[in-house]
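Novice: Following this message is one structure expressed as structure tokens.
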Amino acid sequence: MDFDALFNAQLDQLKQDGNYRYFADLERACGKFPKAASHFEDGKRDVTVWCSNDYLGMGQHPKVVDAMCEAVRRTGTGAGGTRNISGTNHDHLLLEAELADLHGKEAALLFTSGYVSNWAALSTLGSRLKDCVILSDAGNHASMIEGIRHSRATKVIWKHNDVADLEAKLAALPADVPKIVAFESVYSMDGDIAPIEAIVDVAEKYGAMTYLDEVHGVGLYGARGGGVSERDGVADRITLIEGTLGKAFGVVGGYITGSAAMCDFIRSFASGFIFTTALPPAVAAAARASIVHLKNSDAERLQQRRQVARLRAELDKAGIPHLENDSHIVPVMIKDPVKCRMLADYLMTEWNIYVQPINYPTVPKGTERLRFTPSPLHTDEDIEHLMMALRTLWRQCAMSRAVA
Ligand code: PMP
């Protein structure tokens, strides 16, 4: 059988639909973020990165870089095993204690990514709690959806951020089955924020546990970077907070926090925790340095907010349509996969601006967009340069009417 022909048929379809993903060949250089070198056919050029999830540039912060270098020299490169068999290092335990403190919880548990933490925690809770029903927000991330699917628990999808719909669905369930309300704080593609307190009120009324993905909130919201749940003063009422070390904290890895019993339960039964090599201790040390810094410094968050507001104001002035939200994510709506890719290509090749087109299946068809994530390290000149490019492209393509 010609397997490559089978693979290529589906890849060709993706390309035809404008949904095939191309890598940008970047070289990040320490201390230069948001600039990076990008490889083009005619050589390397400096580009400005506008779509990074290293939201605060912490991946190149001297304290974080130093912590990782120091720990590599001290501990070596890899962890040497799974957490249960020789892979647990003191740096992992220090980081777990730091994360528990960040969210005001008894315990925390590390995973190799945010994706794995959602998949492992939800699949374990949903499969191990007898007759469990998981109520999942319609906008939840693929890692939560896959975890729930793998658990084989009954899944009930409630309308995105719609507390009345959640309540109706909770009320329709038997009182005595375990229920988990799973949702996110900041939804990464629209940048909208969940009404966390209202969701928790309803979940508590029906005796459900709450599972909150703070992947796009940690480091960025709350006085100590504990996420939107900290900002809203409700972290202590959330049963399980999940987060990543790979976005605002600038490293890699994922975690859950909650009661000691719950973390021990997931630690003891989750295959995604048990059967995989632990994160390198140096990664844990770097993540801890990043968290400690952001617990004590608001400067990065404040400057990021200033640059987000500035970009939004400039887009408004230029009449370029973008989704309104209260977060750090600025989605400029294109609503067509081919146009979206074309605009991103022009920005890269003609303006040295890198923003990846966001197409299906990451977002629904017809809602394709360019997703800008201003950081504290983007200068006013970077924003002016981006706006010059967008104004020019909008004029050239007469886009404003076509995409309005
Ligand atoms: N949850 C959400 C909401 C996400 O957007 C992502 C990644 N984009 C993840 C979880 C997975 O996190 P990580 O990148 O650390 O695997």
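Where a number appears in this text, it was derived from the coordinates with a stated rule and is not lab data. Quantities reported herein were computed from a predicted structural model and do not represent experimental measurements. Positions of Cβ are generated from backbone atoms using ideal geometry, with glycine treated the same way; all protein chains shown enter the neighbour counts.
Novice: Roughly what % of DSSP beta bridges within region 115-244 run antiparallel, to the nearest 5? Mind showing how you got there, number by number?
Specialist: Numbers: 1 of 18 bridges.
Among the beta bridges of region 115-244, antiparallel pairing accounts for roughly 5 percent.
Novice: If one takes the longest principal axis of the Cα atoms in the chain, at what angle in degrees, from 0 to 90 and to the nearest 10, does the Cα axis of helix 90-103 lie?
Specialist: That works out to roughly 90 degrees.
Novice: Apply the a/c threshold of 1.5 to the C-alpha gyration tensor of region 164-272 and tell me whether it is rounded, prolate or oblate.
Specialist: Values: a/c = 1.98, a/b = 1.28, b/c = 1.54.
Oblate is the answer for region 164-272, as a/c is 1.5 or above yet b/c matches or exceeds a/b.
Novice: Give the value in nm², to one decimal: projected area of the alpha carbon convex hull of region 18-72, averaged over all directions.
Specialist: Projected over every direction and averaged, the Cα hull of region 18-72 covers 5.4 nm².
Novice: Got a sec? Charge dipole of region 23-139, +1 on Cβ for Lys and Arg, -1 for Asp and Glu; which of 138, 49, 29 is way out at the positive end?
Specialist: Positive-most Cα among the choices belongs to 29.
Novice: Let me have the relative contact order for the chain, percent, based on Cα pairs under 8 Å that are six or more residues apart. All intermediate terms of the calculation are to be shown ahead of the outcome.
Specialist: Details: 789 pairs, mean separation 85.4, N = 404.
After rounding, I find 21 percent.
Novice: Helix 337-351 against the longest principal axis of the chain: what's the angle in degrees, Cα atoms only, rounded to the nearest 10?
Specialist: Tilt relative to the chain: about 60 degrees.
Novice: Quick check: from the Cα gyration tensor, does region 274-377 come out rounded (a/c under 1.5), prolate or oblate?
Specialist: Details: a/c = 2.34, a/b = 1.46, b/c = 1.60.
Oblate.
Novice: Something else about it: Which percent of the Cα-Cα distances in region 133-191 go past 12 Å? Working shown, then result.
Specialist: Working: 1126 of 1711 pairs.
Result: 66 percent of Cα pairs exceed 12 Å.
Novice: Here's a follow-up. For each of 241, 180, 193, 85, count neighbouring Cβ atoms within 10 Å of the residue's Cβ, then give the residues from fewest to most. Intermediate results must be reported in sequence, preceding the final value.
Specialist: Values: 241 28, 180 24, 193 20, 85 11.
Lowest to highest Cβ neighbour count: 85, 193, 180, 241.
Novice: Here is a further query. With an 8 Å cut-off on Cα pairs and a minimum separation of 6 or more residues, tell me the relative contact order of region 115-173 in percent. Mind showing how you got there, number by number?
Specialist: Working: 76 pairs, mean separation 21.5, N = 59.
Averaging sequence separation for qualifying contacts and normalising by length gives 36 percent for region 115-173.
Novice: In the structure displayed, which of 105/169; 32/247; 105/295; 105/179 lie more than 27 Å apart, Cα to Cα?
Specialist: Details: 105/169 29 Å; 32/247 17 Å; 105/295 15 Å; 105/179 21 Å.
The pairs that break the limit, which is 27 Å between Cα atoms, are 105/169.
Novice: How far, in nm, would the chain grow between residue 298 and residue 176 when pulled straight, counting 0.36 nm per residue and subtracting the alpha carbon separation?
Specialist: In short, 39.5 nm is gained.
Novice: Separate question: Relative to the longest principal Cα axis of the chain, at what angle does helix 62-75 sit, 0 to 90 degrees, rounded to 10?
Specialist: So the inclination is approximately 50 degrees.
Novice: Taking neighbour counts of Cβ atoms within 10 Å as a proxy for exposure, in what order, fewest first, do 346, 255 appear? Could the numbers behind the result be given before it?
Specialist: Values: 346 16, 255 26.
Sorted ascending by nearby Cβ count, the order is 346, 255.
Novice: Using R₀ = 22 Å, calculate the FRET efficiency as 1/(1 + (r/R₀)^6) where r is the Cβ-Cβ separation of residue 14 and residue 138; round to 0.05.
Specialist: Working: r = 24 Å, r/R0 = 1.11.
Once rounded, the FRET efficiency stands at 0.35.
Novice: In a shell of Cβ-Cβ distance under 12 Å around residue 315, excluding residue 315 itself, what net charge do Lys and Arg (+1) and Asp and Glu (-1) give?
Specialist: Details: positive: 310, 312, 317, 391; negative: 314, 316, 324.
Once all neighbours under 12 Å are counted, the net charge is +1.
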